[in-house]
Amino acid sequence: MKKMLVIEDQEAFSSMLVTLVAERFGYESLSATSHAEASLILKEHSSDIFVAIVDLNLPDAAHGEGIDLVRGYHIPALVFTGEYSGELRDELISKGVADYTVKEGNHSIDYVINMVDRIYHNYSTKVLVVDDDKSAREMICALLKTQCFQTLSAASGEEALSILPENTDINLAIIDYQMSGMDGLCLTRRIRESYSSMALSIIGISSLGSKDTTIAFIKYGASDFILKPFEQEEFLTRINQVIGNQSITHQLDISNKQKNHLIGMASHDIRGPLGIVKNAAKQIRRCEDLSKINKLLDMIERQADQTLNYVEDILCLSAIEAGQLDIEMGNFNLSSTAMESIVVHRFAAEKKQQLVKYDLGNLEETEFDKERIRQAIDNLLSNAINYGPIGSDILIKTFEEDHHHVLEVTDQGSGIAADKLDNLYKPYVTLGSKTTGDEKSTGLGLSICKDIIDAHGGKLQYRNMPEGGSCFRFHLQMTTAPLVHSRV
């Protein structure tokens, strides 16, 4: 993933921006406190930077030279300034900044941080500009490129209709009303015959300011209407707003489909163990052989544990998404906690002729939520068993490293393809690998593990093993701090 550059001489303010962007969106950052330092970073890392937050007044560049530096590398600039005037606004726009805001409090910080995320996604957002006036098309495309949108253009409605089927990933069409041949309203109506508003947003533009034109565009399926001539800031703000709303709607639709899929899987996977429990209970009633009864009771217990773990994952994910994952810290031993998981999962491994090996270090107690860390270990071990080949070995290790307690789970499976790693910790997502015993996967386990470890201030990491297989590891910091209760 590309990085954000922050050019700001107040280190505390810079650190806050970097932290907030990382927490909210996961973007990595580079920081500079001066024009000279920024210049050195850009010479070495400009290809890795997708956006720069620039302080207008730096100790060695008091007149906005930082903007020119960044724009020289064709990197969009989001500008922070301590003051505002119409003259300054015009100057910033003339320099081609993506946006600017005044340092006036938390709302301005939230604004620029959200713009960082918007710029990142704009790189992969396609906009089709439809206008029979060439200069108007070029002007709009130039404005869109300051926000890093990909642009296509059409000189007529007919040309637009030929472009759309060849570019199914277009997110937005900006359509002028007054065009020779097919006008903007007719084009909007034709587009809506094939494309929903979720698939393709439409913004109408026109120099005719009548209410009838505005209402007609909206009724024909446009998301917004902009009157020409327009201010650059208003135009870009409304474009980003429409694209942002489309993205939110799309994500809500995906979440709804994922949860419906999860409910269907849960119904199926919970029904199976309950059926086994019911049949085992019937056999117990008719059985007089004590050893067989004990085996049936063991089966009931295992199926109950499997179902409870499944339900716990669903409840845990719901708590995480609602920001209500409780973390109850206590003094516990990571090696002992790992051993408890090994004992529980041995039976599942034995069914696949797998051997769970362990090398548990002699660790001191440290602070963590035992129930949650045990849940994370259970998920990692369960994954290793599900994706490890029949007859293979699974190794779980604990050890101390750099003042952290570390746990590793290694299997001998097929590993994870490099092009799947970006989705490794996303909920509901399965990564294409098939389980080796037809086990079902909800795609929740690794997402939950990561959230649990993150809540402890640790880090969950993955690597493909050179000889084949997967290795997941997490570390917990050794601390002597007082016990705390937190909610994330």
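Considering only alpha-carbon pairs that sit under 8 angstrom and 6 or more positions apart, the relative contact order computed for the stretch 124-230 is 24 percent. Charging the Cβ of each Asp and Glu at -1 and of each Lys and Arg at +1, and nothing else, the dipole of the stretch 37-192 about its Cα centre rounds to 480 debye.
For the pair residue 16 and residue 230 in one chain, pulling the backbone fully straight at 0.36 nm per residue adds 73.5 nm over the alpha carbon distance. Specify the angular offset, from 0 to 90 degrees and rounded to the nearest 10, of the alpha carbon long axis of helix 370-387 from the longest principal axis of the alpha carbons in the chain. Here the helix axis deviates by roughly 90 degrees.
As a calculated quantity, the FRET efficiency between residue 336 and residue 36 at R0 = 60 Å, using C-beta atoms, amounts to about 0.65.
The relative contact order of the stretch 326-487, computed from alpha carbon pairs under 8 Å that lie at least 6 residues apart in sequence, is 27 percent.
What is the list of residues in the stretch 1-18 whose amide nitrogen lies under 17 Å from a point 7 angstrom out from the Cα of residue 110, following Cα to Cβ? Within reach of a label on residue 110, which here means backbone N under 17 Å from a point 7 Å along Cα→Cβ, the stretch 1-18 contributes 17. Modelled label positions at residue 260 and residue 48, each set 7 Å beyond Cα in the direction of Cβ, lie 4.3 nm from each other. By DSSP, the beta bridges lying fully in the chain are antiparallel in about 40 percent of cases. Applying 1/(1 + (r/R0)^6) with R0 = 25 Å to the Cβ-Cβ distance of residue 365 and residue 315 gives a FRET efficiency near 0.35. Length available on full extension from residue 123 to residue 74: 0.36 nm per residue minus the Cα-Cα distance, which gives 16.3 nm. Here each label is just a point 7 Å from Cα along the line to Cβ, and for residue 434 and residue 288 those points are 4.7 nm apart. Between helix 232-286 and the chain there is an angle of about 20 degrees, using the helix long axis and the longest principal axis of the Cα atoms.
In straight-distance terms, cross-link reach from residue 370 covers every one of the lysines whose alpha-carbon lies under 16 Å from its own, apart from those fewer than eight places away in the same chain; here that gives 450. Relative contact order, whole percent, for the chain stands at 8, derived from Cα pairs under 8 Å and 6 or more residues apart.
Can you work out the FRET efficiency for the pair residue 134 and residue 208, with r the C-beta to C-beta distance and R0 = 25 Å, to the nearest 0.05?
0.80
Taking a straight line from the alpha carbon of residue 352, these aspartates and glutamates sit under 12 Å away, with near neighbours fewer than eight places off in the same chain left out: 393, 438, 439.
Straight-line reach from residue 278: taking Cα to Cα under 19 Å and skipping same-chain neighbours fewer than 8 places apart, the lysines in range are 292, 295. Annotation for residue 215 and residue 298: the two label points, set 7 Å from Cα along the Cα-Cβ direction, are 7.7 nm apart.
To the nearest ten degrees, helix 11-25 and the longest principal axis of the Cα atoms of the chain are 70 degrees apart.
Quick note: the coordinates plus some simple rules give every number you see, no bench work behind them. Keep in mind that what you see is a predicted model, and the values were worked out from it rather than measured. As a convention, Cβ positions derive from the backbone with ideal geometry for all residues, glycine included, and neighbour counts pool all protein chains shown.
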